[in-house]
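Colleague: Can you read through this structure? Questions will come right after.
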Amino acid sequence: MKNPYFSSRPGSVENAEGKTVDEILTETGLNTGNLMFFSASRRVVKHDKPSAGMGFDPNYVREHHDGIIIPAANWLTGRRDLGGLAALIERANLPTVILGLGAQSFDSAIPELLPGTQRFLKVVSERCKYLSVRGAFTADVVASAGVTNVTVTGCPSLLWRVDGPPRVEKVEGPISRVSISGTRYDDEPNMFNPKAKSHIGLMMMRLAMANGYDYVAQTERQDMQFARGELTAETAPEALDYLAQVYGSEDKGAVVDYLKANLKIFTDVGAWTDYASTVQFAIGTRLHGVIATLLAGTPAMLVTHDTRTVEMANQAGIPNVSARKLLKDGVDVQELYDQASFDTFNRKQVHYYNRFVRFFQGNNVETNLGAEIPVD
């Protein structure tokens with residue numbers, strides 16, 4: 001495979017300064033974190049013709065490309081139907097390689113996949129040697145659909161630098177420049193109930209504002225709109241009332257000031273990693289926010305809150321702490337930084353890189369990766 005079609009959105013948002021938050025979120029699949037694996041896949045896999053789009057024309061793809069690459073995320077849930085994509089792949093009938101497919105469950109139970117999603121897995125499995133999945137749990141979910149030609153690779157985002165695996169060196173001592181990310185479920189019933197699963201997201205947001213830490217937003221539409229001035233206290237008073245609850249502040253003006261000064265929105269991975277190199281530590285529930293920081297060589301810790309974050313932390317050796325523990329004990333950022341060790345991460349990243357090299361070779365995909373790295 002020398003010139004594949006990328007069945008995904010582009011790896012960055014062009015002319016983002018002139019676009020609204022709604023336009024940016026639409027282009028990134030409602031989550032700017034998706035840019036991490038969209039961009040990494042394009043940097044890693046060799047290709048001549050630019051391409052993007054989930055709803056592609058099979059005839060065009062077959063005429064102009066010699067295969068299909070699908071950068072994936074946590075697609076395997078009990079609600080997602082991938083039957084439409086399966087039909088397009090069948091009609092194109094080209095070698096098809098999926099990267100970093102993940103399953104998501106909040107109770108560790110294997111989700112019952114819809115028939116269309118089961119068909120998608122089988123269609124892809126028939127057109128490649130191996131499917132790339134994020135971890136052992138996802139491999140079990142795929143096996144439940146009768147597909148077994150699977151390689152546990154992790155997410156391709158950690159390959160973004162292409163020339164080799166990331167390495168993190170921690171400097172001992174006090175820290176002050178901290179970046180936070182969180183996962184907020186705006187449609188969660190009783191969101192402000194401390195027992196709701198979204199409460200860890202609220203805890204992280206309130207921690208950020210209370211300490212003046214930066215907050216890296218990926219899906220938080222209204223927060224982004226206030227930060228960019230698209231919404232104001234005058235034009236959206238109810239939205240500001242809601243955000244005051246989210247950030248745990250009675251001073252609504254202070255919330256707006258905080259968002260304008262500290263909320264970060266990234267539409268290009270290079271800019272994201274450049275920013276991450278300026279902080280001392282990042283912590284959050286957002287996998288790709290943590291990965292962007294690790295790619296910069298900056299210490300980061302993932303707050304695990306579902307099967308997807310747990311399996312990626314285990315697979316990649318990312319330092320982590322459970323949301324349950326933080327909800328019980330509270331968050332001491334300095335203590336978490338002091339406890340974090342990156343020995344396992346640095347060691348596992350060599351194996352991580354080599355595993356992807358073998359995966360691409362097994363699927364006959366030409367890449368910009370180097371040869372396997374000797375393991376000490």
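Colleague: I'm trying to understand the selection: among the residues of region 271-292, which are over 21 Å from residue 310 (Cβ atoms) and within 15 Å of the chain's Cα centre (by Cα)?
Modeller: 272, 273
Colleague: With respect to residue 286, determine if the residue is in the same structural domain as residue 204 (by TED's automatic domain parsing), among the basic types (Lys, Arg) and touching a Gly at 6+ places or on another chain (Cβ under 8 Å). Write out each step before concluding.
Modeller: Numbers: in the same structural domain as residue 204 (by TED's automatic domain parsing): yes; among the basic types (Lys, Arg): yes; touching a Gly at 6+ places or on another chain (Cβ under 8 Å): yes.
Yes.
Colleague: Every residue in region 131-186 that is buried (at least 24 other Cβ atoms within 10 Å of the Cβ), small (Gly, Ala, Ser) and outside any loop (DSSP other than H, G, I, E, B), please.
Modeller: Across region 131-186, the qualifying residues are 132, 157, 179, 181.
Colleague: With respect to residue 23, is the statement that it is among the acidic types (Asp, Glu) and more than 19 Å from the chain's Cα centre (by Cα) true?
Modeller: yes
Colleague: Ok, one more. Can you spot a residue in region 225-237 that is crowded, with 23+ Cβ neighbours inside 10 Å, within 22 Å of the chain's Cα centre (by Cα) and modelled with pLDDT of 95 or more?
Modeller: Checked against the condition, which is being crowded, with 23+ Cβ neighbours inside 10 Å, within 22 Å of the chain's Cα centre (by Cα) and modelled with pLDDT of 95 or more, region 225-237 yields no hits at all.
Colleague: Then there is this: Have a look at 109, 87 and point out the one that is exposed (fewer than 15 other Cβ atoms within 10 Å of the Cβ) and farther than 30 Å from residue 293 by Cβ. Before the answer, list the steps.
Modeller: On the way: 87 fails: exposed (fewer than 15 other Cβ atoms within 10 Å of the Cβ).
That would be 109, the only listed residue that is exposed (fewer than 15 other Cβ atoms within 10 Å of the Cβ) and farther than 30 Å from residue 293 by Cβ.
Colleague: What's the number of the only condition in (1) under 30 Å from residue 166 (Cβ atoms); (2) in contact (Cβ under 8 Å) with a residue 60 or more places away in the chain that residue 263 fails to meet?
Modeller: Only one criterion is unmet by residue 263, namely (2).
Per-residue answers, yes or no, for (1) touching a helix residue (DSSP H, G or I) at 6+ places or on another chain (Cβ under 8 Å); (2) hydroxyl-bearing (Ser, Thr, Tyr); (3) assigned by TED's automatic domain parsing to the domain that holds residue 303; (4) at pLDDT 95 or above:
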| position | (1), (2), (3), (4) |
| --- | --- |
| 125 | no, yes, no, yes |
| 129 | yes, no, no, yes |
| 146 | yes, no, no, yes |
| 173 | no, no, no, yes |
| 182 | yes, no, yes, no |
| 188 | no, no, yes, no |
| 192 | yes, no, yes, no |
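Colleague: Taking the conditions exactly as written (crowded, with 20+ Cβ neighbours inside 10 Å, among the β-branched types (Val, Ile, Thr) and either at pLDDT 95 or above or not in a loop (DSSP other than H, G, I, E, B) (or both)), does residue 24 satisfy them or not?
Modeller: no
Colleague: Return the pair list, or none, for Cβ contacts closer than 8 Å from residues in region 268-295 that are touching a residue at least 12 places away in the same chain (Cβ under 8 Å) to residues that are outside any loop (DSSP other than H, G, I, E, B) and among the acidic types (Asp, Glu), at least 6 apart or on different chains.
Modeller: Partner pairs satisfying both residue conditions: 279/214.
Colleague: Please enumerate the residues belonging to region 58-89 that are touching a residue at least 12 places away in the same chain (Cβ under 8 Å), more than 17 Å from residue 114 (Cβ to Cβ) and of a type in the set (D, E, K, R).
Modeller: Of everything in region 58-89, those that are touching a residue at least 12 places away in the same chain (Cβ under 8 Å), more than 17 Å from residue 114 (Cβ to Cβ) and of a type in the set (D, E, K, R) turn out to be 62, 66.
Colleague: Just give me the residues in region 40-76 being assigned to a helix (DSSP H, G or I) and more than 17 Å from residue 102 (Cβ to Cβ), in sequence order.
Modeller: Across region 40-76, the qualifying residues are 42, 43, 44, 58, 59, 60, 61, 62, 63, 64.
Colleague: To continue, here is another question. Mind checking whether some residue in region 327-337 is touching a residue at least 60 places away in the same chain (Cβ under 8 Å), farther than 22 Å from residue 281 by Cβ, of a type outside the set (Phe, Trp, Tyr) and surrounded by 15 or more Cβ atoms within 10 Å (Cβ to Cβ)?
Modeller: No.
The values are calculated or read from the model by the stated rules, or taken from the named source; none is laboratory data. Note that this is a predicted model, so its numbers are computed, not measured. Glycine gets a Cβ as well: all are built from the backbone with ideal geometry, and neighbour counts include every protein chain shown.
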